[in-house]
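Notes for the one structure printed next.
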Amino acid sequence: MKYQSQRVAYAYFLAAMGLFGIQVLGGLLLGWIYVSPNTLSEVLPFNIVRMIHTNALIVWLLLGFFGAAYYLVPEESEREIFSVKLAYIQLAILVVGTLGAVGSYLVGIHGGREFLEQPLWVKFGILVAAVIFLVNVSLTFLAGRKTAITNILMMGLWLLCLLWVFAFINPDNLSLDKMYWWMVVHLWVEATWELVMAAILGFLMLKLTGVDREVIEKWLYVIVATALFSGILGTGHHFYWIGTPGYWQWIGSIFSTFEVVPFFAMMSFAFVMVWKGRKNHPNKAALLWSLGSSTVAFFGAGVWGFLHTLHGVNFYTHGTQITAAHGHLAFYGAYVALNLAMFSYAMPLLRNRAPYNQVLNMASFWLMTGGMAFMTFTLTFAGTIQTHMQRIVGDYYMDVQDQLGLFYLMRFGSGVAVVLGALLFIYSMLVVRREVVKPGPVAVPGE
Amino acid sequence: MSELLTKSRARNVFYGGSIFFVVVFVALTAQSHRHIVDKATAGMPLTEEVRLGKHVWERHSCINCHTLHGEGAYFAPEVGNVMTRWGAQDDPELAYEILDGWMKAQPSGIEGRRQMPHFEITEEEMRALAEFLRWADQTDTQNWPPNDAG
């Protein structure tokens, strides 16, 4: 930690990990309701738990991004954050808003647009927090050194905050509602968040591998160019069946096929940088999460996205468990794992100590990643059967669901592994104060 | 490649190309907006009752179990074509009666079945919800879903 104000990130990461815990526990409960549907059905119905699961995820990922920005912007700009106080006020607003949203969901007060169910006052709170954030980091950025990493990060964060405006636009016409809803949902996760992801990954590669900045930054511009060139018109893959014109079937199919490219590029980038750098950075856990994030993002967002993105395929798979399979692995690889990479890298530095507890952290990586992969496979099988029975044969929804019980049981099992991994990660970050496995002697060349 | 593609060239391609795609996207979105209003959803008027029905749909967060035009949670059946499935798409009274009867019977309490919660909905709101679902059903969704099963 080179600048005192970077310490703000610590509070953001703590809040993010708290919500991460809530998110995965909510997910586990949902998985159990699939297995045993009468569970809590009168007290805490499925729709309420699902709002908590998805909203907690989105907010903690954003908190992670904001924390990462407060950590890396001072270091890149070579100066303290404009105002530490504003950063804490922003965090307080977000935490109060999130707890307020969860509380009001529990008593049945919520909106009804998926992922944007927050009561209006919470939406305004998020807007205010976003404005504070943009002012705070922009003033830091403008006063200091400008690098490609901060250029791209700032562009991603500005655009994602601006797109939040669409959360307030809810036309009475359902099809218009859906079309503008995607301006937040798609243009966040398949465009602007990718810029944030690329910038954070670039920063981690710079620190962990020691490769020349010039090389990293050129890669970054190429990656984000492919992300936006494919991702903006790739929105079309959500416009096949919601009342939008038929030409989106071709635009969506073609451009969203290219959405695989930035994820392949980010994976290649990470591995090439590690190969070129050959720096023996002591934080192996952060390196594992960085490589793991870009790899799982390629499979979850890239491969599993392509699996059902062509309109001829999507006509049958749309709205089945195939979508759930893709959504889970994509979010985990691209954004969960990337945030955990940043936490793993920054937390030891923020607490001014060596990166202890790496073995537990790396074990949590394999537990979570293995669990998420297994969950994705079971949901993909469930979705394949569902697509065939429901969309091709024409069997009714619940008759089909009754045939999928085994997959939902296995999915619950994989959820247990993910929750254990998440708790282990949080434990290794916050509690353990020494290395559990002693590292071997250094500098013994292999044969 | 390293001489041809310098960092500043890569940056300029990124900025220029992004602006180009944003412009194309905004133009297509504007055209799609008109298409939705004038064609895809023009089969039934967007009445006050349909609007109220949409608010009822949102207030109870139906989307977090059901799908509507394939979007939502995947825990309960598709409702974008439920009125067709019930044979009530052209009969507002029948649409209301089936919906009302179904909603009042929830939760079923049957062991091992997914449970739909009980919702406090007035008659006016229930009629509006039925109209909203009929309105959604008449949307030109490019023939999706493939069959009535949804």
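Taking the stated definitions as given, is residue B:120 charged (D, E, K, R) and touching a residue at least 12 places away in the same chain (Cβ under 8 Å)?
Judged against the criteria, residue B:120 is not a match.
Return yes or no: is residue A:38 within 14 Å of another protein chain (Cβ to nearest Cβ) and crowded, with 19+ Cβ neighbours inside 10 Å?
no
Would a scan of region A:207-218 turn up a residue that is buried (at least 24 other Cβ atoms within 10 Å of the Cβ), farther than 12 Å from residue A:266 by Cα and touching a residue at least 60 places away in the same chain (Cβ under 8 Å)?
The answer is no, given that none of the residues of region A:207-218 is buried (at least 24 other Cβ atoms within 10 Å of the Cβ), farther than 12 Å from residue A:266 by Cα and touching a residue at least 60 places away in the same chain (Cβ under 8 Å).
Pick out the one residue from B:51, B:34 that is open to solvent by 40 Å² or more (accessible area, probe 1.4 Å), part of a helix (DSSP H, G or I) and more than 7 Å from chain A (Cβ to nearest Cβ).
The conditions single out B:34.
Looking at this structure, is residue A:421 under 17 Å from residue A:25 (Cβ atoms) and without any contact (Cβ under 8 Å) to a residue 40 or more places away in the chain?
Criteria not met by residue A:421.
Evaluate region A:390-405: report whether one residue or more is of a type in the set (Phe, Trp, Tyr) and surrounded by fewer than 18 Cβ atoms within 10 Å (Cβ to Cβ).
Within region A:390-405 (the criterion being of a type in the set (Phe, Trp, Tyr) and surrounded by fewer than 18 Cβ atoms within 10 Å (Cβ to Cβ)), the answer is yes, since at least one residue qualifies.
Of all residues in region A:227-254 being in a helix (DSSP H, G or I), open to solvent by 20 Å² or more (accessible area, probe 1.4 Å) and at the interface with chain B (Cβ under 9 Å from one of its Cβ atoms), which is farthest from residue A:178 (Cα to Cα)?
Result: A:229.
Spot the failing condition for residue B:117; the list is (1) open to solvent by less than 50 Å² (accessible area, probe 1.4 Å); (2) under 30 Å from residue A:247 (Cα atoms); (3) not in a helix (DSSP H, G or I), and only one is missed.
Here residue B:117 clears every test but (2).
Looking at (1) in contact (Cβ under 8 Å) with a residue 40 or more places away in the chain; (2) within 27 Å of residue A:300 (Cβ to Cβ), find the lone condition where residue A:351 falls short.
Just one mismatch for residue A:351, condition (2).
Just give me the residues in region B:1-30 being more than 29 Å from residue A:216 (Cβ to Cβ) and either more than 9 Å from chain A (Cβ to nearest Cβ) or touching a Pro at 6+ places or on another chain (Cβ under 7 Å) (or both), in sequence order.
B:23, B:26, B:27, B:30
Looking at residue A:218, is it of a type in the set (Lys, Arg) and at the interface with chain B (Cβ under 9 Å from one of its Cβ atoms)?
yes
What are the pairs, 6+ residues apart or on separate chains, where a residue within region A:315-332 that is over 13 Å from residue A:237 (Cα atoms) and of a type in the set (Lys, Arg) has its Cβ under 6 Å from a residue that is in a loop (DSSP other than H, G, I, E, B) and open to solvent by 10 Å² or more (accessible area, probe 1.4 Å)?
none
What do you reckon, is residue A:192 open to solvent by 20 Å² or more (accessible area, probe 1.4 Å), assigned to a helix (DSSP H, G or I) and free of Cβ contacts under 8 Å to residues at least 40 places away in the same chain?
Against the criterion (open to solvent by 20 Å² or more (accessible area, probe 1.4 Å), assigned to a helix (DSSP H, G or I) and free of Cβ contacts under 8 Å to residues at least 40 places away in the same chain), residue A:192 does not qualify.
Just to be sure, is residue B:112 at the interface with chain A (Cβ under 8 Å from one of its Cβ atoms) and at positive phi?
Answer is yes for this residue.
Any idea which of (1) facing chain A (nearest Cβ under 7 Å); (2) outside any helix (DSSP H, G or I); (3) at pLDDT 95 or above; (4) more than 24 Å from residue A:245 (Cα to Cα) is the one residue B:139 doesn't satisfy?
Just one mismatch for residue B:139, condition (4).
Check whether at least one residue in region B:60-67 is free of Cβ contacts under 8 Å to residues at least 40 places away in the same chain, at the interface with chain A (Cβ under 7 Å from one of its Cβ atoms) and touching a Lys or Arg at 6+ places or on another chain (Cβ under 8 Å), and report yes or no.
Within region B:60-67, one or more residues are free of Cβ contacts under 8 Å to residues at least 40 places away in the same chain, at the interface with chain A (Cβ under 7 Å from one of its Cβ atoms) and touching a Lys or Arg at 6+ places or on another chain (Cβ under 8 Å).
Looking only at region A:374-389, count every residue that is of a type in the set (A, V, I, L, M) and surrounded by fewer than 22 Cβ atoms within 10 Å (Cβ to Cβ) and tell me the total.
2
Checking the condition farther than 22 Å from residue A:14 by Cα and modelled with pLDDT under 95, which residue from A:328, A:281 passes?
When all the criteria are applied, what remains is A:281.
In a helix (DSSP H, G or I) and at the interface with chain A (Cβ under 7 Å from one of its Cβ atoms): is that true of residue B:130 in this structure?
The answer is no for residue B:130.
Mind checking whether some residue in region A:430-446 is crowded, with 19+ Cβ neighbours inside 10 Å and either within 14 Å of chain B (Cβ to nearest Cβ) or part of a helix (DSSP H, G or I) (or both)?
No, because not a single residue in region A:430-446 is crowded, with 19+ Cβ neighbours inside 10 Å and either within 14 Å of chain B (Cβ to nearest Cβ) or part of a helix (DSSP H, G or I) (or both).
Here are some residues: A:57, A:62, A:72. Which one is in a helix (DSSP H, G or I), touching a helix residue (DSSP H, G or I) at 6+ places or on another chain (Cβ under 6 Å) and buried (at least 23 other Cβ atoms within 10 Å of the Cβ)?
The match here is A:72.
The values are calculated or read from the model by the stated rules, or taken from the named source; none is laboratory data. Everything numeric here is computed off the predicted structure, so don't read it as measured data. Glycine gets a Cβ as well: all are built from the backbone with ideal geometry, and neighbour counts include every protein chain shown. We work out accessible area using only protein heavy atoms, side chains counted, and drop any ligands, DNA or RNA first. Shrake-Rupley method; radii C 1.70, N 1.55, O 1.52, S 1.80 Å.
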